[in-house]
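**Student:** Submitted below is the structure of interest, expressed as structure tokens.
The values are calculated or read from the model by the stated rules, or taken from the named source; none is laboratory data. Just so it is clear, the structure is predicted and the values come from calculations on it, not from any experiment. All Cβ positions, even for glycine, are placed from backbone atoms using ideal geometry, and neighbour counts span all protein chains on display. These accessible areas exclude ligands, DNA and RNA; they are computed on the full protein's heavy atoms, side chains included. Shrake-Rupley method; radii C 1.70, N 1.55, O 1.52, S 1.80 Å.
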Amino acid sequence: MTELIARFDYSHAVVDDEIDELRHAGNYHYVRWMQHAAVAHSAANGWPSERYLELGSGWVVRSHQITYLKPAFEGDVLTIRTWVANMRRAASLRRYEISNGSGDRLATAETDWAFINYARQLPTRIPEEVASCFVVIGD
């Protein structure tokens, strides 16, 4: 297997449709960018969405926490950096830092993910074959 990516950088260019009445990116778009970064990180480490479907289990969001520091504007090219902060029996905490092309930190965030069995819609133990594909970077 190739080397695992501990910290993953996902790039996103802010587009007109993401701009709100205050002329900056609407806050709810940050959640979408975080989701895209997490899914891309998982895929880069060998677990694309299709593989979870084949397994019959995968990640669902339990909660998000975001601290907004500065706004993002149309045309900004953002880096959404993400990493796994912990891996528990049936859940995992993922952290994010969102910055613009000038290196300004726009937001910090975290998502608590639960690992569930898709058919039963109940938490299930994270299999070793999944857990071993993520480097945990603790606090």
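**Student:** Mean separation of Cα pairs under 8 Å and 6+ residues apart, divided by the residue count of the chain: what relative contact order is that in percent?
**Tutor:** 29
**Student:** While we're on this one: Where the convex hull is taken over the Cα atoms of the chain, what is its projected area averaged over directions, in nm²?
**Tutor:** 9.0
**Student:** Hey, any idea what % of the chain's accessible area is carbon plus sulfur with a 1.4 Å probe?
**Tutor:** That share works out to 50 percent.
**Student:** Is it possible to state the helix-based mean residue ellipticity at 222 nm for the chain, with each DSSP H run of 4+ residues giving -39500 (n - 2.57), the sum divided by total residues, to the nearest 500 deg cm²/dmol? What is it?
**Tutor:** Working: 3 runs with 29 residues, N = 139.
Counting only the DSSP helices, I get -6000 deg cm²/dmol.
**Student:** From the residues 22, 59, 75, which one has its Cα farthest along the dipole of the chain in the positive direction, the dipole being from +1 and -1 charges on Cβ of Lys/Arg and Asp/Glu about the Cα centre?
**Tutor:** 59
**Student:** A further question on this structure: Between residue 31 and residue 2, what length in nm is gained on full extension when 0.36 nm per residue of separation is reduced by their alpha carbon distance?
**Tutor:** Working it through step by step, the gained length comes to 7.5 nm.
**Student:** Can I ask one more? Based only on Cα atoms, what mean projected area does the convex hull of segment 63-139 have, in nm²?
**Tutor:** Mean orientational projected area (segment 63-139, Cα hull): 6.6 nm².
**Student:** How high is the FRET efficiency from residue 13 to residue 125, r the C-beta distance, R0 35 Å, rounded to 0.05?
**Tutor:** It comes out at approximately 0.35.
**Student:** If you count only protein heavy atoms with a 1.4 Å probe, what accessible area per residue comes out for segment 5-47, rounded to a whole Å²?
**Tutor:** 52
**Student:** What's the angle, to the nearest 10 degrees (0 to 90), between helix 27-44's Cα axis and the longest principal axis of the chain?
**Tutor:** 40
**Student:** Select from 84, 37, 107 the residue farthest towards the positive end of the dipole of the chain; place +1 on Cβ of Lys and Arg, -1 on Cβ of Asp and Glu, and compute about the Cα centre.
**Tutor:** With unit charges placed on the Cβ atoms, the residue in question is 84.
**Student:** If the only charges are +1 at each Lys and Arg Cβ and -1 at each Asp and Glu Cβ, what is the size of the charge dipole of the chain around the Cα centre, to the nearest 20 debye?
**Tutor:** 620
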